[in-house]
Amino acid sequence: MKKVSLIAHKDNRKRLLRRLQDIGAVELSSTKLDDLETLETPAGLAELEKQLGDVREALDIIKKYDESKSGFLTPKPAITIDALKNAPSLSMGAQKAMDKTRKFAEDMNALKSRRHRLKNRIGQLEPYKKFDAPLESLGESAYTVSMLGTVPTDNTQRYREICEEFAESAYFEHIEHHKDTFAVYVIMTREVDEKLTGELKYIGFAEAYTKELYGTPADLIFDFNNEFESLGTEADEYEEKAKKFADDKLTLQTMEDYLINEIARERTYEQLGQTGSAFMLNGWIVADAQDAVQKAMLEAAPESYIEFAEPGEDEMPPTAMKNNGVITPFEGVTDMYGVPSSKSVDSSTLMAIFYFLIFGMMMADVAYGIILTLGALLVLKLKKPTGMFRKITTVILICGISTTLWGAFFGNIFSIEGVPSVVNPIADAMTMLILCIGIGVLHILVGLGIGAYAAIKRGRVWDAIFDKISWMLVLIGGVGFALGGIFGTIGMIMALAGVAILLCTQGRKKKGVVGKVVGGVASIYDVTGYVSDILSYCRIFGMGLATTVIAMVFNTIAGLLMGGVVGYIFGIVVLTVGHVFNVGINTLGSFVHTARLQYIEFFSKFYEGGGHAFTPLSIRTKNHRLEKEEVKKAS
Amino acid sequence: MMESNFIGFFGEYFGTIISTLGAALAVGLAGTGSAKGMGLAGQAAAGLVSEDPDKFGQALVLQLLPGTQGIYGLLVAFMILLNNGIVGGDAISAAQGWVYFFGALPIAIAGLTSAIAQGKTAVSGIGLLGKRPEESGKAITMAIMVETYAVFALLISMLTILLGTGKF
């Protein structure tokens, strides 16, 4: 990583940032100088963000009704950088599409709320279905007042009392029970109106709302229901038409990707510093990219001052790992744990080797390995994935090879019995356990070795010896001791030397003699940690057994079924489904358990986290695969 | 007469019967744990997917993790049934039956408890996935931590059965 600083005239600002985004090699960092104000956010940003919001809203609606088939293996459409930059030429079409979807959404909402209202009205009229006079006859007349309403069933007794009390001046008609109320029709002389209504309300009488309703309740309900149904059909037709919106999906998606990049670039303004006529930019680049970055910068802003520098002691540059094509995918596994500090050692290669070994041991089947490799190859060819997905798929592709090799070693082909093997894990369980633990010890030793190397690289040789090499001595000595014979003696001496170093040094950061002694002695208890780390590798055997025995289960069941034509058919079905299931569940299991051994047992010996991934200002797409211009020209 | 017949019958097949009980416990208890764990995680996953259908794949992986204990139980049960005269092999001695029975216990017990605990971790992991989808790898790792003990139980169960066959 190198630091880059640039000072140039403001006129070149836009062009320079565009150019930097194109080459995608500079991560901008904030320019904070006390007497330099940072540039305010450009006014256009809010407009761009609003546009993006609109586009996404339209895409959400389209997605809801999109019926175009897009399976797991369908790749994202390809786009060139030029085509992406030309997206504004699509804005007319995009605007039309957005208007269409917005109108559709509004209309749909209106339809829905109308239907909702109708449903409510039907519900309100339901209790009076049997009332056979038109509703407009209700209300006040010259001498009488009439109304419909409901009374809670609980108050039936009191309702009867009211009926009796007003028998002379009012007429009550009981219409129908409805849930826990009953509907009544009341007609009374105007004189008692106030009093009677008051008493009725007191027992929970709820008057029906009948204004602007004409006809009998039954007729009204019938009409409302018809309208409700026809609105439903209308909504269905509408939604049917909405499926056509998918035609504009690609336009809008291109628009979305375009806007995302515009916004990303405009946002970087916040990180620039400015004076009246010049601006200043700070950033990080990968050391190798220096010449290319300088060239691009000078092209965009010929009269600029550019400076490259090594990062300072107290600065924390972003992390960019550089590995060859086989190792790079395994960086994905590390990134799932956390981006390592840029100052730590890149352990990707060693991690990848152990990942390869351990994954293969867990799956360990010649046929499964071939299935994994071919399957991953197929996914890469058809889906053309990018980013993390691509990395993980490639890891599985590579680990398929390891699975095949270990499968041959253990004599596993679909767990068919009688395949010759170097070590048979089931018959020779002890050898298998020792093998697993051996790999574990090796893995941990390598981890400690990386830790020691990192410390030495930073000039802390004594730390390396006290903290890492001491434990390496204990572990190697322990192994030697277990082997016995001449190794036993040497091993014992090594282990004791290691313990002696630990006893003397592990308290060195504590204060006072007592603290130092206690620290040293306490560190010996870490042996339990190492023992549990090593035993943890037994899981390799456990996972291996799981793969083998699940396959055996299906083989046996199929074997029991085989007999007669029907039996063979069922047998083959059981075998196919069973082995596919086994590959699936154990790929997941092997993947995560291997990752766990890396994260917990391996990384704990040296890993320094807290880094952040190098994310240069560049062109990124959400909906497309970016196709490089060169590739297009070549083909 | 009845009594002596009964005892004679029981004695002759005691090994097969007790080891079958072990197999039943291995599948039954570990399966119960897995069902419970996957159920818990499934509820959380469905909640998350209702908000964001795109996370289905990652949520499914987290739901799947507590399911392995049931499979381990099945494996152990199957190895027993394959040797004790039910699916394969001949009727076995009482001592051999007890060995199988005790061999089944680790995965039966650890399977039951670890799958439920793992399910709960997966539920939290699904919550994490909802808030910070880029950290789903960490959620999976946390759930896998719990699985360790089921794998160890499986290992000891299988070793007991594999190495303990034919010695009694």
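How far, in degrees from 0 to 90, does helix B:2-51 lean away from the longest principal axis of the Cα atoms of chain B, to the nearest 10? Helix B:2-51 sits at roughly 0 degrees to that axis. Rounded to the nearest 10 degrees, the angle from helix A:156-165 to the longest Cα principal axis of chain A is 20 degrees. Considering only B:37, B:130, B:73, the mean-square fluctuation computed in a Gaussian network model of chain B, springs between alpha carbons under 10 angstrom, is largest for B:130.
Charge dipole (Cα centre; +1 on Lys/Arg Cβ, -1 on Asp/Glu Cβ; no other charges) of the protein assembly as shown amounts to roughly 3360 debye. Sequence-distant contacts, meaning Cα pairs under 8 Å at least 6 residues apart, place the relative contact order of chain B at 33 percent. The convex hull drawn around the Cα atoms of the range A:139-209, when projected onto a plane and averaged over every direction, covers 4.3 nm².
Once you average over the residues of B:126-138, how many Cβ atoms of partner chains fall within 10 Å of each Cβ?
On the way: counts 0, 0, 0, 0, 0, 0, 0, 0, 3, 2, 2, 11, 4.
The shielding value for this peptide is 2.
Can you give me the Kirkwood hydrodynamic radius for the range A:387-479, using every pair of distinct Cα atoms, in Å to one decimal?
Details: mean 1/r = 0.0610 Å⁻¹.
Result for the range A:387-479 stands at 16.4 Å.
Please compute the alpha carbon radius of gyration of the range A:416-529, then divide it by the globular-protein estimate 2.2 N^0.38 Å. Two decimals is fine.
Computed over Cα atoms of the range A:416-529, the ratio equals 1.37.
Per-peptide packing, taken as the mean over residues of other Cβ atoms within 10 Å, places A:81-91, A:562-572, A:361-371 in the sequence A:361-371, A:81-91, A:562-572 from highest down. Other residues within the sphere of radius under 12 Å centred on the Cβ of residue A:14, judged by their own Cβ, net out at +3 (K and R +1, D and E -1).
Report the rotationally averaged projected area of the range A:249-387 based on its alpha-carbon convex hull, in square nanometres. Let's see the in-between values first.
Values: hull surface 54.6 nm².
The orientation-averaged projected area of the Cα hull of the range A:249-387 comes to 13.6 nm².
Per-residue packing, averaged as other Cβ atoms within 10 Å, sorts the ranges B:149-156, A:323-330 into the order B:149-156, A:323-330, beginning with the highest.
Under the rule a/c < 1.5 gives rounded, and otherwise a/b versus b/c splits prolate from oblate, where does the range A:340-456 land using the Cα gyration tensor? Cα axes put the range A:340-456 in the oblate bin. Projecting the alpha carbon convex hull of the range B:15-164 along each direction and taking the average yields 8.3 nm². Hydrodynamic estimate: the Kirkwood radius of the range B:109-167 over Cα pairs, inserted into Stokes-Einstein at 20 °C and 1.002 mPa s, corresponds to D of 167 µm²/s. The angle between the Cα long axis of helix A:538-561 and the main principal axis of chain A comes to about 60°, on a 0 to 90 degree scale.
Using only alpha carbons, the range A:525-635 has a radius of gyration to Kirkwood radius ratio (Rg to Rh) of 1.24.
According to the square roots a ≥ b ≥ c of the eigenvalues of the Cα gyration tensor, what is the shape class of the range A:331-403, taking rounded for a/c under 1.5, prolate for a/b larger than b/c otherwise, and oblate for the remainder? Before the final figure, lay out each step's value.
Numbers: a/c = 3.32, a/b = 1.39, b/c = 2.38.
Here the range A:331-403 falls in the oblate category.
Can you put B:19, B:136 in order of Cβ neighbours within 10 angstrom, beginning with the fewest?
B:136, B:19
The range A:232-308 has equivalent-ellipsoid semi-axes of 48, 15, 10 Å, by the square roots of 5 times the alpha carbon gyration tensor eigenvalues, sorted largest first. Among the residues of A:542-549, the average count of other protein chain beta-carbon atoms within 10 Å of the residue beta-carbon is 6.
The dipole here belongs to chain B: it is taken about the Cα centre, uses +1 on the Cβ of Lys and Arg and -1 on the Cβ of Asp and Glu, and is about 300 debye. Only alpha carbons enter this Debye calculation for the protein assembly as shown, each as an equal point scatterer, and the log10 of I(q)/I(0) it gives at q = 0.06, 0.09 Å⁻¹ is -0.64, -1.04. Note on A:58-65: average number of Cβ atoms from other chains within 10 Å of each residue's Cβ is 0.
Since every read-out is calculated from the coordinates, none of them should be taken as a lab result. Values in this document were obtained by computation on a predicted structure and should not be read as measured data. Quick reminder, even Gly has a Cβ in these numbers, built from the backbone with ideal geometry, and neighbours come from all protein chains shown.
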